[in-house]
1. Work out from phi, with θ = phi - 60° and the Karplus expression 6.51 cos²θ - 1.76 cosθ + 1.60, the ³J(HN,Hα) of each residue of segment 64-80, listed in order in whole Hz, and give x for Gly and Pro.
2. Where does helix 141-156 land angle-wise versus the long Cα axis of the chain, in degrees 0 to 90, nearest 10?
3. In whole Å, what is the distance between the alpha-carbon centres of segment 69-129 and segment 1-24?
4. Taking the Cα centre of segment 14-101 as the origin, how large is its charge dipole in debye, to the nearest 20, when only Lys and Arg (+1) and Asp and Glu (-1) carry charge on their Cβ atoms?
5. Once the piece of chain linking Thr83 and Phe5 is laid out straight, how much longer is it, given 0.36 nm per residue of separation minus the C-alpha distance between them?
6. Name the shape class, rounded, prolate or oblate, that the alpha-carbon gyration tensor gives for segment 117-157, where a ≥ b ≥ c are the square roots of its eigenvalues, rounded holds for a/c under 1.5, and otherwise prolate holds if a/b is larger than b/c and oblate otherwise.
7. Below 14 angstrom from the Cβ of Met100, what's the summed charge of the other residues (Lys, Arg +1; Asp, Glu -1)?
8. Report, to the nearest 10°, how far helix 3-14 tilts away from the longest principal axis of the Cα atoms in the chain, using its own Cα long axis and a range of 0 to 90°.
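The values are calculated or read from the model by the stated rules, or taken from the named source; none is laboratory data. Remember, predicted model here, so these are calculated numbers, not experimental data. Glycine also receives a Cβ, built like all others from the backbone with ideal geometry; neighbour counts cover every protein chain displayed. These accessible areas exclude ligands, DNA and RNA; they are computed on the full protein's heavy atoms, side chains included. Shrake-Rupley method; radii C 1.70, N 1.55, O 1.52, S 1.80 Å.
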Amino acid sequence: MSLIFRMIYLLLVSFFKPRLPVVKPENSLILRVLPNDLDINIHMNNGRYLTICDLSRVDMFIRTGLARTMHKEGWIPVVSEHTMKYKKPLKPFQKYEVKMKIVDWDDKSFHMQHTFLVKDRVVAEGTSRGCVLSKTGVIPPDTVIQKVTERLETKER
């Protein structure tokens, strides 16, 4: 399955998954290593891990309500830093889980943790920092959380 099909599939299923809290959400995706994920060593390419982290973030954006708020406000998400530690390779067609959580934030960035697991065994771990941008610059995470919360509360009334 090419990445566009994976993204379309994720966009569809994320809308039907349970909502996540806006503050310090955690999510999980179960995926399988596909042929287009492989490198010359016949294991998942190290760059693909970063792409899978992107997919995990999209799932979280949808399930927290951030995606709609960003769309409404004209904001875009940007990753400013990402690191990965690879412990064990993921082999062709191997099933794995990627867990993501927002662990903290400062005045500009959200701090995220990504964990790749096979049968509860960690095979790779990563951290990233990301921010939300508008045409005028970085939106502080507290403002982002407040806007999402307000939109959801207004919607529930």
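1. Per-residue couplings from phi come out as 8, x, 5, 4, 5, 5, 4, 4, 4, 8, x, 8, 9, x, 9, 8, 9 Hz.
2. Long axis of 141-156 versus the principal axis of the chain: about 70 degrees.
3. 14 Å
4. Charge dipole of segment 14-101: 340 debye, to the nearest 20.
5. Numbers: separation 78, 0.36 × 78 = 28.08 nm, distance 2.59 nm.
That pair, Thr83 and Phe5, stretches by 25.5 nm at full extension.
6. Details: a/c = 4.81, a/b = 1.67, b/c = 2.87.
Oblate shape, in that a/c is at least 1.5 and b/c is the bigger or equal ratio.
7. Numbers: positive: Lys17, Lys24, Arg57, Arg63, Lys99, Lys101, Arg129; negative: Glu26, Asp54, Asp59, Glu97, Asp104, Glu125.
Around Met100, the surrounding residues sum to +1.
8. Its long axis makes an angle of about 50 degrees.
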